[in-house]
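Worksheet: one structure, shown below.
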Amino acid sequence: MSQFSTNQPEIKPEKSPRDYTLTIFLVLASLVMVASGAVGFIATSMLLKTPRAESCPQVFSPFASASMRLYCAQLASETQTVSGWVEAITMVKSLPSNHPLRPEIDRNIALWVQGIINEGDNLFQQGKIDEAVTLLEQIPREDSATILVKAQQEKWQSIWREGETKQRQVEQYIATRNWNQAYREAAQLTTVENRYWSTVQYEVTLNRIQSAQAESSKLESAYVLLETGELDDLLTAIDEADKITEDSLAYQEAQELISTANNEIVKFIQAKIDQRDWEGLEAALDKITPEDKFSDTFQDWSQLAQAGITANQGTVESISEAITLASQIETRSSVYYEAQKLVNRWELEVKDVEILAEARNLAKSGRKEDLTDAISTASNISAFNPRYQEAQTEISNWNRQIQIIEDQPILERAQQLARGTTLEAWQEAIAQANLIKPSRPLYSEAQKVIEQSRYNIEITQNQPLLDQATRLANQENWTEAIALARQIPRGRALYTEAQEQINLWQTQIDAQDTLAQAYRFAATNQVQDLIKAIQLANQIPNHTSVASASQEAVKQWSEQLLAIAEDTANYDLEQAIAIANNIPRNSSVYNSARTYMEIWRKRKSRSPLDFF
């Protein structure tokens, strides 16, 4: 039986003081850990918790933190309005550049500025550039924002100037009626990076061109007539332009055309006056209606024309009447000074008109003595007289008639001698024709006689030389033939024919020399010399006397080359091919040479030596 009974109660051991201390420590530690976690959680929540929206109005307080400013700025920007973005930038722009949140702030500012720029660009694309620029000016001054704003303003202004430049160019083309260029320049508006210029203003400009062109087309025929400068066309052009009414886009253009046409008419009239074309002036005035434009001068033009026509009758009475008519033109007239010059001229003419009339009357007979008297009479007209040049012209004509009368018998004698058939007759013809001097009217006719006579003499002298040279050449005596033909001097008859023959005969000599040289090369029977001989022989022209001999030689030397190539092929296929390749195409053994070369190439390709 056991010492201890199982029915007895269990006796627990007592705890030591150390065990109580450990328990208390564990409890306290747990409490500390719980308290620390709670404090950390509360602190973290306070740090991370964003300020409430109702506190944002105080964000400009000097005590507002950067995080609060940034948060409130982001809240303001969420309105996606210009005022919201401006407010957002204003909240954060004053923070120092070295602040830890500065990179985030700059990133947000860039986004807000871009938002304002986008709104401005919408206005810019609508053609409201001033409003767009004003919008950008609302952006608060801030370093990063200023750069973006300035760049955008410069871009808008550059694009706008581009559109304005193209528009001005279109207007210039419209003004000059250069419609093709106007349309081309208008099309350039579509390339402007602005919707207003590329669409709205493009359509407006296109309509402007079309309207101006339609109105201007009414003046096209008038412009064409204006360009001719003819009086009838100028008057018709004015009539066409007068049809353009004041309410037309082309009215001002029409008035300018009328003014230009009137100026051209005045120039036309003045040209007639300057040319003393009085009949032409009168005919022109018959076509002009003396409207207000010409009312001050039309009558004076008409009177001046009548005076000029009267004076041209050339009598003392007619000139006196012309003086009276021209003197009636008043000082206020634009042709007054012209009229006075004519009066002075005609007053000087009156006296000498009778002298010139007397001289012309003397010259009518055409006899030498009367012509001489006429010259003497007309010479009395002074160099200061308006009729002086006319008198000198008559004197020149009468002198010419006298010279013809004097030289005609000489010319006829020379022409008769030139028709002879002897050297003596031709030489005498030349002597007779030389009596007529260069300043005389019949000089050119005399020179023709001299030229023909000299040609006949030269033919007579030089033909025997050329004939003898030709006979020598026919005997293949080329050298002597050339020497004889060269005796015909340059510039004489048959010289050109002689030179042509000399060139042909020299070709014969050169061909003989070439063939002889070829034979000398071939005589060595060396490959290179045979090749050179063949080349020389092939240069000989076919029309020479040694052409057949050269062809025969080429055949012979080609056969020699082929034979050498065949021998060479027994020990050097490459060299054999090279030799045969020099046989010319015109040789009778050319095809045989090609065949051998093909055979040798095939043999060479199978040669075991090629592997080394």
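May I ask for the percentage of alpha-carbon pairs in the stretch 385-523 that lie more than 17 Å from each other?
Numbers: 6778 of 9591 pairs.
Of the Cα pairs, 71 percent sit more than 17 Å apart.
How big is the gap, in Å, between the Cα center of the stretch 503-581 and the Cα center of the stretch 236-299?
One Cα centre to the other: 88 Å.
Which of Lys267/Lys351; Lys218/Lys272; Lys272/Lys341; Lys128/Lys166 have a Cα-Cα distance over 22 Å? Working shown, then result.
Values: Lys267/Lys351 34 Å; Lys218/Lys272 32 Å; Lys272/Lys341 16 Å; Lys128/Lys166 18 Å.
Violating the 22 Å limit, Cα to Cα: Lys267/Lys351; Lys218/Lys272.
List the chymotrypsin sites (Phe, Trp or Tyr not before Pro) within the stretch 192-278 that fall in a DSSP loop (any state other than H, G, I, E or B) and whose Cβ has at most 13 other Cβ atoms within 10 Å.
none
For the stretch 477-518, report the accessible area per residue in Å² (1.4 Å probe, heavy atoms, rounded to an integer).
Details: 2240 Å² over 42 residues.
Using a 1.4 Å probe on heavy atoms only, each residue of the stretch 477-518 averages 53 Å².
If one computes the Cα centroid of the stretch 335-414 and of the stretch 416-445, what distance in Å separates the two points?
After rounding, the separation between the Cα centres reads 32 Å.
Report the label-to-label distance for Gln539 and Asn263 in nanometres (one decimal), using points 7 Å from each Cα along the Cα→Cβ vector.
Reported label-point gap for Gln539 and Asn263 is 7.4 nm.
Give me the accessible area per residue for the stretch 325-419, probe 1.4 Å, as a whole number in Å². All intermediate terms of the calculation are to be shown ahead of the outcome.
On the way: 5680 Å² over 95 residues.
With the other protein chains kept in place, the stretch 325-419 gives 60 Å² per residue.
Please give the FRET efficiency for Glu220 paired with Phe298, using the beta carbon to beta carbon distance and R0 = 30 Å, rounded to the nearest 0.05.
Details: r = 30 Å, r/R0 = 0.99.
The pair Glu220/Phe298 has a calculated efficiency of 0.50.
Looking at the stretch 188-299, what % of the alpha carbon pairs are farther apart than 20 Å?
54 percent
Averaged over all directions, how much area does the convex hull of the C-alpha atoms of the stretch 125-279 cover when projected, in nm²?
Details: hull surface 52.9 nm².
Value for the stretch 125-279: 13.2 nm².
Return the distance in nm (one decimal) between the two label points of a simple spin-label model at Ser376 and Asp567, each offset 7 Å from Cα along Cα→Cβ.
10.9 nm
How long are the three semi-axes of the equivalent ellipsoid of the stretch 445-553, in whole Å, if each is the root of 5 times an eigenvalue of the C-alpha gyration tensor, listed from largest down? Don't jump to the answer; show the numbers that get you there.
Numbers: eigenvalues 345, 27, 17 Å².
After diagonalising the Cα gyration tensor, the semi-axes are 42, 12, 9 Å.
Assign unit charges at the C-beta atoms only (+1 for Lys and Arg, -1 for Asp and Glu), then state the dipole size of the stretch 161-306 relative to its Cα centre in Debye, rounded to the nearest 20. Please report the intermediate quantities before stating the final value.
On the way: 14 positive and 29 negative charges, 170 e Å.
Dipole magnitude for the stretch 161-306 comes out near 820 debye.
What does the convex hull of the alpha-carbon atoms of the stretch 262-328 project to on average, in nm²?
4.3 nm²
Direction-averaged shadow area of the convex hull around the Cα atoms of the stretch 552-594, nm²?
Values: hull surface 9.9 nm².
Projected over every direction and averaged, the Cα hull of the stretch 552-594 covers 2.5 nm².
Give the aspartates and glutamates whose C-alpha is closer than 20 Å to that of Lys602, dropping any in the same chain fewer than 8 places away, or say none.
Partners found: Glu566, Asp567, Asp572, Glu574, Asp610.
Leaving out ligands, DNA and RNA, and with a 1.4 Å probe, what % of the accessible surface on the stretch 208-251 is carbon or sulfur?
Details: 1130 of 2450 Å².
Result for the stretch 208-251: 46 percent of the exposed heavy-atom area is carbon or sulfur.
Report, to the nearest whole %, how much of the accessible area of the stretch 279-377 belongs to carbon and sulfur atoms, 1.4 Å probe, protein only. Please report the intermediate quantities before stating the final value.
Working: 2490 of 5560 Å².
C and S atoms contribute 45 percent here.
Per residue and in Å³, how big is the convex hull formed by the alpha-carbon atoms of the stretch 117-184?
Working: hull volume 5.7 nm³, N = 68.
Dividing the Cα hull volume of the stretch 117-184 by its residue count gives 83 Å³.
Name the residue farthest towards the positive end of the dipole of the stretch 338-440 from the options Asn380, Ala357, Trp426, assuming +1 on Cβ of Lys and Arg, -1 on Cβ of Asp and Glu, about the Cα centre.
Positive-most Cα among the choices belongs to Trp426.
The values are calculated or read from the model by the stated rules, or taken from the named source; none is laboratory data. Bear in mind the structure is a predicted one, so any value in this text is a computation, not a measurement. Using ideal geometry, Cβ is built from the backbone for each residue, glycine included, and neighbour counts are taken over all protein chains shown. The accessibility values were calculated without ligands, DNA or RNA, using every heavy atom of the protein model including side chains. Shrake-Rupley method; radii C 1.70, N 1.55, O 1.52, S 1.80 Å.
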